[in-house]
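Take a look at the structure set out below.
The values are calculated or read from the model by the stated rules, or taken from the named source; none is laboratory data. Predicted model, so just to flag it, every value in this text is computed and none were measured. Virtual Cβ from ideal backbone geometry, glycine too; neighbours counted across all protein chains shown.
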Amino acid sequence: MKVMVVGSGGREYSIGLALKRDPNVSELFFAPGNGATPWLGQNVTCKDYEELAAFAKEKGIDLTVVGPETALVEGIVDIFRAKGLVIFGASQAAARLEGSKIFMKNFLSSYGIPTAKYIETHDANKANAFIETLALPIVVKADGLCAGKGVIIAQSKEEAKEAVADMLSGKSFGDAGHGVVVEEFLDGYELSLFVVCDGIDYKILPAAQDHKRLKDNDIGPNTGGMGAYAPTPLIDDVLYKKVEERVIKPTLAGMQKEGTPFEGVLFIGLMIVKNEPIVLEYNVRFGDPECEILMPLLKTPASELFYKAATQNLKNLEIEFYDKYAIAVVMASENYPYGTSKPSEIIIDKSAHEALEHTHISYAGVSLEEGTLYATGGRVLLCVGVGDTIKEARERAYLLCGQVHFAGKQFRSDIAYQALQYDK
Ligand code: AMP
Ligand code: GLY
C-alpha cells in the first residue's frame, strides 16, 4: 500500500514511523514533511490541495493521512474525496468542531453534552454583561483558529472585557477574533482523549496527558505542548464509561444528525471536575505531542486502522495496543514559544540509537543540509521512551534527552510527574 502523510511536525513523523514498521506499507510520502522525514519516505511539495490530490492520483496513493487542523479546516478531505481518493481525516464541515469555537459550543449545548457555562457573541455589550455575572477567573476565547493562542484566562473583569474588546476589534487575532466565547472557569485536571471515528463506529485510544506550560511545575507561558505520556492512570473505567456515554456517543450521533458525520480523529479536551467529565474543546486531529506516544503503543497496523476508518469499516477492526507506557519529552529551541531561534546543529551521541533500546526520536522542527541536521523550529524533536511502567518509560526518554545536543535546547524535566505517584 502507498501512503501519504500530510503535515510537517513531530506528529506526522511519528505517524510515518508507525507506517514504516507496518508490513502493509510499501511506499511512504510526506507533504510537505520536514528535514528528517526523507529518512522514512519521500517529501512532496505542491502549491495547493488540488495539486496534491492530482499527485496522489497519478502516483496511485492508496491512503492519505492528514495531520494538521489547518488542512482539514481548509477542506483537503473534500478535495481528495471528490477525486475518488481514500483519505483519513475530518471533512471541512465536520472540522468546524475545531475551526469555530462558537459552532463547537452551540453544538455541545444543542446535544446536551457537558461543557462550561458560556455566551457566544459578536457584541461587546452582551459579552460584558455576561462577564459581570461570572466569578473570577474568566475565560475568553476567540472563535477561529489561533494556533493554540486564542484563549485568555482573565484574572479580573476588566482584563476579561479588554480581551473581548481586543478580539472583537480584530486587534488581537484578526478575523479569528470577530466572534468570541466567554465562559466560566473550570477548576480540575485536564485529560486528552482520542477517538478514531468512521462516521458511525469508533475506537477509543489510551488516554494521554499533555503538559502545556513551558516550565517545570506547570509554570511559564502556554505552548503547543512540552511532553506527554499514555496511558494515564488519571482515568479509570468508571470515568471512561461516563465519557463514552455522555460525550463520545452523543457527539457522533449529533454530527450524523447535522448531516456531517465525524470521520478522522476526534480529540476531546476534557476538564475533570469532581470526577465528572466536562468538554473544554474538540480538536479534529491527533494532538501533538500526544500522537508521538500513541503511535508507539499501537499494535494494530497503522495503515489498517486509518484505512478502515476512512472507508467506514471500523466495525470490522479489533484494535490492539501494547500493554506498555510511552512518554515523550519535547526539546524546543532557545526562544520557544516567544520567537524564532538561530538554526543550530543537532548532535546525537553515537551510542544513542544503538545502545538505547525502547527509545526513539520523533523529529519536528528540523532541516537537513548537506547531511547535517539543524534545529530550526520551535519544537525541534521529541525523545520518546517506552517501558513496562511509567517510571521505566520516563527513565528511558530522559536518558535519550541526555544524548541529544543543540545550542539553546530547552525541555521540561518533570513530564508525567502527576502519574508517577500512581506508579508503584
Ligand atoms: P482550549 O483551546 O479551549 O482547549 O483552551 C486552551 C487551554 O485553556 C485548555 O487546555 C485549558 O488549560 C484552558 N481552558 C480553556 N477553557 C477553560 C475553562 N473553561 N476553564 C479552565 N481552563 C480552561
Ligand atoms: N497537544 C495539544 C494539541 O495538539 O493541541
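Data for the structure
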quantity: Selection within region 123-142 - under 9 Å from A160 (Cβ atoms) and either within 16 Å of ligand 2 (Cβ to nearest atom) or assigned to a helix (DSSP H, G or I) (or both); calculated: A127, N128, I131
quantity: Residues of region 212-237 that turn out to be assigned to a strand (DSSP E or B) and on the phi > 0 side of the Ramachandran plot, as a count; calculated: 2
quantity: Condition met for A93 (outside any helix (DSSP H, G or I) and within 20 Å of the chain's Cα centre (by Cα)); calculated: yes
quantity: Contacts under 8 angstrom Cβ, first residue in region 110-126 being more than 16 Å from ligand 1 (Cβ to nearest atom), partner assigned to a strand (DSSP E or B), 6 or more apart; calculated: T121/V180; T121/V182; H122/V180; K126/I119
quantity: Whichever residue in region 243-292 is within 16 Å of ligand 2 (Cβ to nearest atom) and either of a type in the set (D, E, K, R) or in contact with a Cys (Cβ under 7 Å, 6 or more places away or on another chain) (or both) and, among such residues, is nearest to V73 (Cα to Cα); calculated: R285
quantity: Which numbered condition D175 fails, given (1) buried (at least 16 other Cβ atoms within 10 Å of the Cβ); (2) in a helix (DSSP H, G or I); (3) more than 16 Å from ligand 2 (Cβ to nearest atom); calculated: (1)
quantity: Residues located in region 179-211, provided they are within 16 Å of ligand 1 (Cβ to nearest atom), in a loop (DSSP other than H, G, I, E, B) and over 21 Å from the mean Cα position of the chain (by Cα); calculated: G179, F185, L186, D187
quantity: Residue within region 262-274 that is surrounded by fewer than 24 Cβ atoms within 10 Å (Cβ to Cβ) and away from ligand 1 (no atom under 16 Å from the Cβ) present; calculated: no
quantity: Residue check, P233 out of contact with any strand residue (DSSP E or B) (no Cβ under 7 Å at 6 or more places or on another chain) and either modelled with pLDDT under 95 or closer than 23 Å to K149 by Cβ (or both); calculated: yes
quantity: Pair list, Cβ under 6 Å, 6 or more apart: region 383-397 residue crowded, with 16+ Cβ neighbours inside 10 Å, other residue charged (D, E, K, R) and assigned to a loop (DSSP other than H, G, I, E, B); calculated: V386/K324; I390/D423; K391/D423
quantity: Number of the exception - G84 against (1) closer than 21 Å to F262 by Cα; (2) crowded, with 23+ Cβ neighbours inside 10 Å; calculated: (2)
quantity: Residues that are crowded, with 20+ Cβ neighbours inside 10 Å, more than 16 Å from ligand 1 (Cβ to nearest atom) and acidic (D, E), drawn from region 286-328; calculated: E292
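Table: residues versus (1) part of a strand (DSSP E or B); (2) in contact with a helix residue (DSSP H, G or I) (Cβ under 8 Å, 6 or more places away or on another chain); (3) at pLDDT 95 or above.
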position: K242; (1), (2), (3): no, no, yes
position: Q256; (1), (2), (3): no, no, yes
position: E281; (1), (2), (3): yes, yes, no
position: G339; (1), (2), (3): no, no, no
position: K342; (1), (2), (3): no, no, no
